[in-house]
There are 2 protein chains.
Amino acid sequence: MRIGLISTPWTPLPPPAYGGIEGVVDRLARGFVAAGHEVLLAAPGDSACPAPIIPDSPPADVDGMGLSEVELGHVVRAYNAMPDMDLVHDHTLCGPLYRRRPAGLPVVTTNHGPFRAQLRDIYQAMAEDVALVAISHHQASTATNVRIARVIHHGIDVDSVPVGDGTGGYACFLGRMNPSKGVREAAMVAREAGIPLRIAAKMQDKGEREYFECAVSPLLSSDIEYLGELNTGEKYELLGGACALLNPMQWPEPFGLVMIEALAAGTPVVATPAGSATEIIDDGVTGYLREDVPALAAALAEAGTLDRAACREVAVSRFSTERMVSDHLDLYAELIGRR
Amino acid sequence: MRIGLISTPWTPLPPPAYGGIEGVVDRLARGFVAAGHEVLLAAPGDSACPAPIIPDSPPADVDGMGLSEVELGHVVRAYNAMPDMDLVHDHTLCGPLYRRRPAGLPVVTTNHGPFRAQLRDIYQAMAEDVALVAISHHQASTATNVRIARVIHHGIDVDSVPVGDGTGGYACFLGRMNPSKGVREAAMVAREAGIPLRIAAKMQDKGEREYFECAVSPLLSSDIEYLGELNTGEKYELLGGACALLNPMQWPEPFGLVMIEALAAGTPVVATPAGSATEIIDDGVTGYLREDVPALAAALAEAGTLDRAACREVAVSRFSTERMVSDHLDLYAELIGRR
């Protein structure tokens, strides 16, 4: 197949730090090429991804993040360069509603975030002639009056995650310093369970710092530590040594990538049953899903008894890049065949 | 005619302070209604404009200014509400390239800013099936490979501007505290001409304050004053008392609204011949167009001898809301007839 992939104009592929969408697009591009398909990427010109990028693409425009002017120009140039594709998978917001794309070209899009009320009209209009991919069944269930073509869970390069033995004598938290991520709840759970906690979290903007000062910092101790932000190697080392990833999300996250990273490291996950968690974690096998602090604390105390090989096996079989790529190629073939 | 007018989602109609686009759309809406046409406005729900607004429109989203997510949702809801219009004039960026607008509906758009390189692909794609209005011949001349349907100069409610007698013994500057507006050059011109200058300028963001401190403040004196920002009544009073508006623009402004406000007050304009100035000012009649500080200073000394009634007359005949409305209705009728 000749597959056009439209990423965002804000972040290179792969993303240097945070960039959930761009990480997925980067892995899809590499995966399609590895599977023998022809790929053309609309992405910032300063991307390191080895798949071909539209010539003369401008570099990532982080200052223009979210702006119509930047996104729409990127979209126009993308479709201008893709008249000969068999299918385009468009990860922008403006693109699936762009008027002048090549006639008859099958277009797929993915909603990488929640189906917020503000987006409802947009996705309803898109779904008229675009195949919409949801990233979890929970997310799909919140798409009011919007037809979802396929649910495809994210995948990661499991081989790049070293398996840890979980003998570090601590649990860990990984994410952003944000109330929705439940950093405070994680600290409370660890304290109640009497298990040390190591917190690695992005903390850059004002809201994140305020939340840390007010809600998390008072719970820190010699056993409950904030490590700052980690690079990829440090992150995997932290995960591998942990008896469990503690992920007491306080919002229905559409897909929790950190949970599949933990599984890849062989580390069970103790989480609230919010958003996609029930689709990722098998309660009693690869972790525990519990509602409140006492129940999460009790579960955390048990997590060390779970079979770490089973966690890794689930990552390999259900959350690998290969599986994500294969699911996309199945959908694409079906859409091209239907044309 | 049944005319759909799509304004931005960022600012109510009329705009409370700055908002060039929204001021034009507000005057068009009122003018079309006064001319007996049916109007439906896509605009923030907290607008005071008396023309009908799409029911349940959300209030102005100033924090979301420029964001695709906000603009695209506004556009989808706008076209959903306009299946029965004879024509839509869309002042957004995403709207003219929106995929799912009613088939066969004639759409007009206006570029309210410069044709910057970043926008070229967008306007080229738009012009395929949208009639593009330019706001000056100079602006139109910069639209590389983009077909312009019509040049329509802005107009204002001339009757709402009191005619002044210009006997205040000063020249004035009105605009933003920005190098492109030539505030420093205005001060230099006034000093060289030996004519007092009163500067009224928006100064809110960091760049504006820095420019003031570095480039303008050192030139202030008892004769060259910075007044701050003025409300509408104060602005017209300042213009009416001035022997001339000094407008030494340092960039090709697509349309200088402040120049037609000066003319409406009977006040000649001494300006650089940049952008639209040569289309607005008749050299030697309603002002002077000169390139550099010495020539501008010599012209400023002569400006008091120009006929103020001639200035007002040009505002009435060429830069009124009525003329702007009439030009739009002519274009609309032609496009509807051609359908």
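Throughout, read-outs are computed from the coordinates displayed, never taken from laboratory work. Keep in mind the model is a prediction, meaning the values are calculated, not measured. Glycine also receives a Cβ, built like all others from the backbone with ideal geometry; neighbour counts cover every protein chain displayed.
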* Asked: Averaged across the residues of B:77-85, what count of C-beta atoms belonging to other chains lies within 10 Å of each residue's C-beta?
  -> 1
* To do: Would you mind listing the distances between the A:ARG100 label point and the same position in each other copy? Use 7 Å along Cα-to-C-beta, nm, one decimal, shortest first.
  => 2.2
* Return a whole-number percent for the relative contact order of the stretch B:159-318, with Cα pairs under 8 Å and 6 or more residues apart as the contact set. => 27 percent
* Residue-span extension gain [B:SER180 to B:ALA295] - 0.36 nm each, minus C-alpha spacing -> 39.5 nm
* To do: Every other copy gets compared here: list the nm distances from the A:ASP46 label point (7 Å along Cα to Cβ) to its counterparts, shortest first, one decimal.
  => 3.7
* **Antiparallel bridge percentage (DSSP; both residues within the stretch B:159-318; nearest 5)** => 0 percent
* Asked: Which FRET efficiency value, to the nearest 0.05, is calculated for A:GLU128 and B:ILE336 with the Förster distance at 22 angstrom and r the Cβ-Cβ distance?
  -> 0.25
* To do: Out of all DSSP beta bridges with both ends in the protein assembly as shown, state the antiparallel percent to the nearest 5.
  => 5 percent
* Asked: So for the pair A:ASP46, B:ALA48, with labels modelled 7 Å out along Cα→Cβ, what separation do we get in nm?
  -> 4.6 nm
* Asked: Hey, with R₀ at 35 Å, roughly what FRET efficiency would A:GLU313 and A:GLU225 work out to, going by the Cβ-Cβ distance, to 0.05?
  -> 0.70
* Between copies, how close do the B:VAL285 label points come, placed 7 Å along Cα→Cβ, listed in nm from shortest? -> 8.6
* Across peptide B:64-71, how many C-beta atoms of other chains are within 10 Å of each residue C-beta, on average? -> 6
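Report the relative contact order of the stretch A:75-178, percent, no decimals, based on alpha-carbon pairs under 8 angstrom and at least 6 residues apart.
This gives 19 percent for the stretch A:75-178.
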* Calculated from DSSP H runs of 4 or more alone, at -39500 (n - 2.57) each and per residue, what is the 222 nm mean residue ellipticity of the protein assembly as shown, nearest 500? -> -10500 deg cm²/dmol
* For peptides A:65-71, A:289-295, A:228-234, sequence by mean Cβ density within 10 Å, most packed first -> A:65-71, A:289-295, A:228-234
* What is the log10 of I(q)/I(0) for chain B, computed with the Debye formula using one identical point scatterer on each Cα and no solvent, at q = 0.10, 0.11, 0.14 Å⁻¹? -> -0.61, -0.73, -1.13
* Structure fact -> Quick calc, B:GLN250 & B:SER326: beta-carbon distance into FRET formula, R0 25 Å, rounding 0.05, result 0.15
* Averaging sequence separations of C-alpha pairs under 8 Å and six or more residues apart, then dividing by the length of chain B, give the relative contact order as a whole percent. => 15 percent
* Where does helix A:68-80 land angle-wise versus the long Cα axis of chain A, in degrees 0 to 90, nearest 10? -> 50 degrees
* Asked: How long are the three semi-axes of the equivalent ellipsoid of the stretch B:159-318, in whole Å, if each is the root of 5 times an eigenvalue of the C-alpha gyration tensor, listed from largest down?
  -> 22, 16, 15
* Asked: Is there a simple number for the mean count of other chain Cβ atoms within 10 Å of the Cβ of residues in B:115-122, and what is it?
  -> 4
* To do: Collect residues whose amide H, placed 1.01 Å from N in the peptide plane, falls under 5 Å from the amide H of A:LYS202; neighbours closer than 5 in sequence don't count.
  => A:GLY175, A:ARG176, A:MET177
* Structure fact -> Non-local residues with an amide H under 5 Å from the amide H of A:VAL39, with H modelled 1.01 Å from N and Pro and chain starts lacking one, are A:ILE3
* Asked: Using Cα atoms only, what is the angle between the long axis of helix A:183-193 and the major principal axis of chain A, expressed in degrees (0 to 90) to the nearest 10?
  -> 30 degrees
* Structure fact -> Helix B:321-338: inclination vs chain B longest Cα principal axis, degrees, rounded to 10, gives 30 degrees
* How large is the Kirkwood hydrodynamic radius of the protein assembly as shown, in angstrom, based on all distinct alpha carbon pairs? -> 28.4 Å
